[in-house]
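Beneath this line is the structure, given in structure tokens, with notes to follow.
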Amino acid sequence: MKLSDEEKKKIIQDVLGKNTSAIGKNFPLFSALADELGNINDVLSFAELVPSLNSLLSGTIASTVLSTASFVGVLLFPFVQLVNIINAYQIGHRMYSYRCVAYTITSWAFDKPKVTGSARVLSNINNGPIQARQSATKEYNKLWQETSFKVVDNLNAVSVQKKIPVNHLKAIFRVLVSNQPDRFCESILTQFEKEFDSNTRNIWKSNYKIRYPQ
């Protein structure tokens, strides 16, 4: 049974105290978390996750748009610096690295085996109108490996810095996308659209049909 807004606010107030932005600007996120916990069978309760979500949101501007994409955008705020590092690569490298970010975070959040690359994307690269040089696969695999390592390191660092138990951080990610890995992954991919100009953005979006973990 779903909690009413008043019940949610009462729990937030009991856990965090009266003087908290969680009952104001961040309430849509807390409300969505409570609703989704009511829809899936999760071992953690809303009250247990309230402090962790509050810590994760500290220093960010929460969106009032109730959509998966907006939630993911807010929750992935700590990874902006990683994106800036990736921007140094050529466009093909950037696209592959961004996909690696999405796949790695998804695998991590859902306790799935780490994906070591996208066979579909590499196949497209090698079979495109301009055949990739022979070293392309090795080069892209190395890029994926390096990016994946940075992502996991960053995730663990956020957990430590924000004093959020790893299992809480994973649960928050899972719950807000109704426990659907492919939905979560695509939501992360959409966050990178702003990193491309209009032409390359269309190419990027066309590859959403390649679903995690392909």
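The values are calculated or read from the model by the stated rules, or taken from the named source; none is laboratory data. The model shown is predicted, which means the values in this text are computed figures rather than measured ones. As a convention, Cβ positions derive from the backbone with ideal geometry for all residues, glycine included, and neighbour counts pool all protein chains shown.
Quick look at the numbers
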read-out: Candidate set: the stretch 27-41, residues that are part of a helix (DSSP H, G or I) and among the aliphatic types (A, V, I, L, M); chosen: the one nearest to residue 58 (Cα to Cα); value: 29
read-out: Of the criteria (1) in a helix (DSSP H, G or I); (2) surrounded by 19 or more Cβ atoms within 10 Å (Cβ to Cβ); (3) modelled with pLDDT of 90 or more, which one residue 188 fails; value: (3)
read-out: Test: residue in the stretch 112-131 that is buried (at least 20 other Cβ atoms within 10 Å of the Cβ), out of contact with any Lys or Arg (no Cβ under 9 Å at 6 or more places or on another chain) and closer than 24 Å to residue 55 by Cα; value: no
read-out: Residue within the stretch 95-115 that is of a type outside the set (A, V, I, L, M, F, W, C), at pLDDT below 90 and assigned by TED's automatic domain parsing to the domain that holds residue 204 present; value: no
read-out: In the stretch 175-185, residue modelled with the highest pLDDT [restricted to those that are assigned to a helix (DSSP H, G or I) and buried (at least 21 other Cβ atoms within 10 Å of the Cβ)]; value: 185
read-out: Selection within the stretch 86-104 - over 14 Å from residue 197 (Cβ atoms), touching a residue at least 24 places away in the same chain (Cβ under 8 Å) and outside any helix (DSSP H, G or I); value: 89
read-out: Count of residues meeting criterion [part of a loop (DSSP other than H, G, I, E, B) and either under 15 Å from residue 54 (Cα atoms) or under 26 Å from the mean Cα position of the chain (by Cα) (or both)] in the stretch 4-26; value: 7
